[in-house]
Number of protein chains: 2
Amino acid sequence: MTDLARGRRNDPHRRDRIIDACLDVIAEGGVAGTSHRKVARAADVPLGSMTYHFDGMDELLHEAFTRFTTTVSERFERRMAAAPDAEAAREAVVALIVEDVLGDARELVLTHELYTLAARDVRYRTLTAAWMGRSRAALERHFDPETARLLDALIEGLSIHRALDAVAHDPHEVIAGVARITAGNTLRASR
Amino acid sequence: MTDLARGRRNDPHRRDRIIDACLDVIAEGGVAGTSHRKVARAADVPLGSMTYHFDGMDELLHEAFTRFTTTVSERFERRMAAAPDAEAAREAVVALIVEDVLGDARELVLTHELYTLAARDVRYRTLTAAWMGRSRAALERHFDPETARLLDALIEGLSIHRALDAVAHDPHEVIAGVARITAGNTLRASR
């Protein structure tokens, strides 16, 4: 039995752990500063197991950002599923935008690292497109497709502008924006 | 007279050219891949003139992104100033969002490189905050301050979602979004 096979049997979650460690390394030093060596050290696995589990840095980055976007999407889907009607969905959207600004610096950095990759390399747009698709589908429980797309874009823009401004924004502006963009909603009952 | 002083007299736009070259190098290989050596080569200046003109990479990056955001802001201000009334301003906003998606890959990459810097390092938020401030001021020729902020956020979100999706979006959605978000405009006459 090779060391790698032994490692795999004794450590069945190794591949998973490498993916999580890769996200930590990206959050800390950016995609450009991410190497097999740094990720192996962060995951506490031998360098050789990196090439055993992943075909190269592109596969690892793709898997890492897939996990990141899936985690964020699932949280969003749970919030939208928990809302009994469109009014509650509006309130949940406002809460997530207003909380995000206090929120997670790690998530902000990982989002923009992914957007920068996707801006430069069309292969990463499958990830950003899938992420948008899931967000819109979650919103379509409560809103017609056009309203869902517009609301998704407004969430994006307000979150970025709140995070990257030098001054705090009034939460009232978020309430007003969500009300205006969903005023034309033609979906009559939440699903 | 030193070589640097001579270079400066014969080449008064050298500092300017270094800043432009820096943006080219960032667009090509990202902030993380940007070095004094690469920028000097792209600007066709001796490596020594980099340290003569800039106190370090942070000053150079700050100047480069200041030039980038100033250029984009001035174009936006010209478009808003050319609109005789709020209706024309709405049409100009729609046109710029719809054109941006075909538009400039360089601008898309530079925007996300800056956002990634600002997400990680609060010192770059003076740049993103100033950019937002200029956009909102330009929109306030035609819209009240709250409408201007919301419209600015919608422009951001729609531009990103159109650029990073895998499929083309219907321009009608942009027209509808701008109409909805500006429906509450309380500024009665454009300035």
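The table that follows gives values for the structure above.
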quantity	calculated
Computed FRET value (nearest 0.05) for A:Ala168 with B:Asp104, which takes r as the C-beta separation and R₀ as 30 Å	0.40
Rounded to the nearest 20 debye, dipole of the protein assembly as shown from Cβ charges on Lys, Arg, Asp, Glu	540
Other protein chain Cβ atoms within 10 Å, averaged over every residue that makes up B:57-68	0
Cα shape, the protein assembly as shown, gyration tensor, a/c 1.5 rule	oblate
Nm distances between copies for B:Pro84, ranked from closest, using label points 7 Å along Cα→Cβ	5.3
Sequence-distant residues sharing a close amide H with A:Ser190 (under 5 Å, placed H)	A:Ala86
Distance from the stretch A:29-96 to the stretch B:67-84 (C-alpha centre basis), Å	36
Charge context of A:His172, other residues only, Cβ under 12 angstrom, K/R +1, D/E -1	-2
By accessible area with a 1.4 Å probe, ligands and nucleic acids excluded, highest first: order of A:Ser190, B:Ser49	A:Ser190, B:Ser49
Residues in the stretch A:147-191 that, when all protein chains are in place, have 50 Å² or more less accessible area than the chain alone would give (probe 1.4 Å)	A:Arg149, A:Leu150, A:Ala153, A:His161, A:Leu164, A:Asp165, A:Glu173, A:Arg180, A:Ile181
Ascending list, in nanometres, of distances separating the A:Asp44 label from those of the other copies (7 Å, Cα toward Cβ)	5.6
Chains B and A, summed buried accessible surface - 1.4 Å probe, Å², nearest 100	3900
Whole-percent carbon and sulfur share, accessible surface of the stretch B:143-191, 1.4 Å	61
Over chain A: helical MRE at 222 nm, DSSP H runs n ≥ 4 each giving -39500 (n - 2.57), nearest 500	-24000 deg cm²/dmol
Farthest toward positive dipole pole in the protein assembly as shown [+1 Lys/Arg, -1 Asp/Glu at C-beta], among B:Pro12, A:Leu164, A:Ser135	B:Pro12
The stretch A:66-191: radius of gyration and largest Cα-Cα distance (Dmax), Å	14.4, 41
Separation between Cα centres of the stretch A:177-191 and the stretch B:136-191, rounded to whole Å	17
Using a 7 Å Cα-to-Cβ projection, A:Asp20 label spacings across copies, nm, ascending	5.0
Accessible-area ranking of B:Arg14, B:Arg188, A:Arg149, A:Arg106, largest first, probe 1.4 Å	B:Arg188, A:Arg106, A:Arg149, B:Arg14
Average partner coverage of A:110-123, which counts Cβ from other chains inside 10 Å	6
Mean separation of Cα contacts under 8 Å, 6 or more apart, over the residue count of the stretch B:72-191: relative contact order %	37
Size of charge dipole - chain B - debye, nearest 20, with Cβ of Lys, Arg +1 and Asp, Glu -1, no other charges	580
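The values are calculated or read from the model by the stated rules, or taken from the named source; none is laboratory data. Here the structure is a predicted model, which means the values were calculated and not measured. Heads up, the Cβs are rebuilt from the backbone with ideal geometry, glycines too, and the neighbour counts pull from every protein chain shown. All accessible areas refer to the heavy atoms of the entire protein, side chains included, with ligands and DNA or RNA removed. Shrake-Rupley method; radii C 1.70, N 1.55, O 1.52, S 1.80 Å.
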